[in-house]
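The values are calculated or read from the model by the stated rules, or taken from the named source; none is laboratory data. Bear in mind the structure is a predicted one, so any value in this text is a computation, not a measurement. Cβ: placed from backbone, ideal geometry, glycine included. Neighbour counts: every protein chain shown.
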């Protein structure tokens, strides 16, 4: 039996973790283990994948590896395990130079079940031919027309909606020429049909081997237990050693180069050009090079007073590019500086302006406080226990993974104390940062990109695809035509096969707790503040909440505008750039947020929040920043106001296609739910006319003054309400921090009696939505389809059955109909208890009318289908694992507070959990009939082109709404 040898073991106090490194000498397989007391146990296996062509082989292989393996010859073991496991995370990701298969679970038995499935999928996949046609690409006939189909094929059509992706690819194809980064790792839909099944199998054989693999784990689990299973399942069957593949290094240039990149645009306006500088820097596995690039980004671009950022924002035209800063996602780092929103004539002046700012900084440097703040932010990031879609431990592992893949020292990713000490010494020299900038200026491996908007971007790609297919169809023999038809029929039959999932392990409802995890107790208020004591690892948090529910609906877009603009403006006597520099020097995190919190009986509370966090030794700084912004944000800097509004509007316009899924969701649900209507009016298609009017106002001084008056009045209304203060930190840190806040004094009785009359805020009119039963259009090659119903919330006895019904529909009907057969990247049902909606949806979908037909059929199949008890139990487990997903310590505090605000008591939680665990098929059918089949559906879609069958939906042009 193969055995792993321990290479090192280091305790990292700031992480409260021990990092253990092992190697298996025969194969060279590495294992990096982060031993912590975290509830989630995390595993990943990663392989270097360095394609030389854009046919998507690494991406399609990632999909195909999860479609059945030697020990688990199931048609879709990955999706089967999603519903047979209490995993808190399951996925697979293709990066430009590596492919990663990660999962996380809080249950030891479940962890090792998943480990078995993942190891077999990665090292011994079946790579079935029909699955290749399903996941990758295939020919098919739609009527008499030959078309392409395939999940990855359609996924990448949706990915190409992003202008930034097109720009990034265009830069990499020149700056990183001769490396794997030159090609599209996810696959270019124009090139994907060049990939054959045999090529894919060869790619797996050459890249997925123990000698190439890095495994990483974290949590309260022994490394030896994982290694034993790896040895039994993998190393006992695969032998041999070969050097790990590394991405190629791009050659240095002797002189800078230039290129032109076209990016997708809805209308290719005169002011959609751009300029982008890109420098090739050192290797991302070099810790000093990595952090020097971080300091460059912070010093030149970190906030509005940073010299290059200030030069771009004060130009009087355009705005800084979204791509700006350090990109450490490749073996060699790339540093970006650029502007977008330019006319063609402004490109030369933007070039001069940026370069002059660089040269000036090389001579004069920047304040030392900026660099000290940048190092403080690194320390903050090292300490913070984050929470979100991805488990905390997995985030740490993925941060360290590139160093393992590039033969660097992974300890540099886990323990940066020595590096920070070196950096502290370096920034003490006033010449240090100047020299970093001089080196950047002198670096000859620099690409200057002229960015050109292309309204024909998608139509030209579609024309190329159509021409290729038309030529092929014209040349098809009867035998070849029959082969395509037969292959489609074979795939359809393959998709109808039972999944044979009984060979897979599973967690049953009886294996999980009958009771919800207790919510964190909410402390009694002390001097008007609620202070949580949490294991925050030395981070302190403050949140000041204002109830603005009294403001009329017409003010909602203004509230969102307030939250977007106020952090970027001056405060008190400070101008915006002085305020920006001050805030950056004081705290690593500051945010103004807006949320509609659902309450029972379809009511809601609209809440605006000021929040900040930092190291526990920075309490006074946290309090000072919050107090300043709450007291007096400035809306009187007209030039700054105009710039920010124009930037907001242009961002909206350039992301219409990228936002298509969210826009369609909101158009579908806004007529049914107060909270969704709120979300629509502040950030959905209903908000687009507001931004159009806002842009018109911002063109004149009088209009800007009107905007400023509205925002000033809104601020007065906000702080006239009694605030709720939430603080959290180690021990008594939350209490101490709360006591430092200096907030405006409020006449509580008067504030509670104040009633704002409808129209008191002079808002541009809100479009009389709903936009339901519409096909929202912006040019694209894919669709997103939604149909929604009004349903009761979590307090209802029907809530549990609705939640389980959503999972049963997703698992047993929609996944097959929309993804496997229809070719959409995603298809699901969801129950939003807070919003009171139930939705069927598709994502990056080549179809529209066919998908709505499948939505209708889904309800019929649920009502008429004879689903097994096992299938119902799988749906139950899907709901439970969502309930049991652990949060970070601070997120646990916020979750407890939010549940209290929503009226979700422990009794309600127990009622819902019990209802889920005891849910029957009869209950699922009953709620499906009552709330969905007999309910009134609300449909809306995003349609990439309007020549297709739109299923009776009325076309609404998003560009027309916004212009």
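Filtering the range 557-602 to residues that are touching a strand residue (DSSP E or B) at 6+ places or on another chain (Cβ under 6 Å), within 30 Å of residue 672 (Cβ to Cβ) and free of Cβ contacts under 8 Å to residues at least 40 places away in the same chain leaves 591, 592, 593, 595.
Return yes or no: is residue 686 in contact (Cβ under 8 Å) with a residue 40 or more places away in the chain, within 30 Å of residue 274 (Cβ to Cβ) and buried (at least 22 other Cβ atoms within 10 Å of the Cβ)?
When the stated conditions are applied, residue 686 passes them.
Checking each residue in the range 319-359 for being under 19 Å from residue 444 (Cα atoms), exposed (fewer than 15 other Cβ atoms within 10 Å of the Cβ) and in contact (Cβ under 8 Å) with a residue 12 or more places away in the chain picks out 356, 359. Residues of the range 610-621 that are in a helix (DSSP H, G or I) and farther than 11 Å from residue 742 by Cα: 616, 617, 618, 619, 621. For the range 266-300, the tally of residues that are crowded, with 22+ Cβ neighbours inside 10 Å and closer than 29 Å to residue 656 by Cα stands at 8. Condition first: under 31 Å from the mean Cα position of the chain (by Cα) and modelled with pLDDT of 95 or more. Can you find one or more residues in the range 918-926 that meet it? Looking for residues that are under 31 Å from the mean Cα position of the chain (by Cα) and modelled with pLDDT of 95 or more, one finds none in the range 918-926, hence no. Within the range 113-121, is there a residue that is assigned to a loop (DSSP other than H, G, I, E, B) and surrounded by fewer than 21 Cβ atoms within 10 Å (Cβ to Cβ)? Looking for residues that are assigned to a loop (DSSP other than H, G, I, E, B) and surrounded by fewer than 21 Cβ atoms within 10 Å (Cβ to Cβ), one finds none in the range 113-121, hence no. Quick check on the range 703-712. Is at least one of its residues in a helix (DSSP H, G or I), surrounded by 16 or more Cβ atoms within 10 Å (Cβ to Cβ), free of Cβ contacts under 8 Å to residues at least 24 places away in the same chain and touching a helix residue (DSSP H, G or I) at 6+ places or on another chain (Cβ under 6 Å)? Looking through the range 703-712, at least one residue is in a helix (DSSP H, G or I), surrounded by 16 or more Cβ atoms within 10 Å (Cβ to Cβ), free of Cβ contacts under 8 Å to residues at least 24 places away in the same chain and touching a helix residue (DSSP H, G or I) at 6+ places or on another chain (Cβ under 6 Å).
Just checking, how many residues over the range 660-695 are within 22 Å of the chain's Cα centre (by Cα) and outside any helix (DSSP H, G or I)? Going through the range 660-695 one residue at a time, the tally reaches 1.
Residue by residue, here is whether (1) within 22 Å of residue 558 (Cβ to Cβ); (2) at pLDDT 95 or above holds:
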{"residue": "612", "(1), (2)": "no, yes"}
{"residue": "617", "(1), (2)": "no, no"}
{"residue": "622", "(1), (2)": "no, yes"}
{"residue": "629", "(1), (2)": "yes, yes"}
{"residue": "634", "(1), (2)": "yes, yes"}
{"residue": "641", "(1), (2)": "yes, yes"}
{"residue": "645", "(1), (2)": "yes, yes"}
{"residue": "652", "(1), (2)": "yes, no"}
{"residue": "655", "(1), (2)": "yes, no"}
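Candidates in the range 194-220 are the residues that are out of contact with any helix residue (DSSP H, G or I) (no Cβ under 7 Å at 6 or more places or on another chain) and outside any helix (DSSP H, G or I); of these, the one that is surrounded by the most Cβ atoms within 10 Å (Cβ to Cβ) is 213. Can you name the residue in the range 242-263 that is surrounded by 13 or more Cβ atoms within 10 Å (Cβ to Cβ) and closer than 30 Å to residue 24 by Cβ and, of all such residues, is nearest to the chain's Cα centre (by Cα)? Per the criteria, the residue is 247.
For the range 365-384, the set of residues classified as buried (at least 19 other Cβ atoms within 10 Å of the Cβ) and outside any helix (DSSP H, G or I) consists of 365, 366, 384, listed by residue number.
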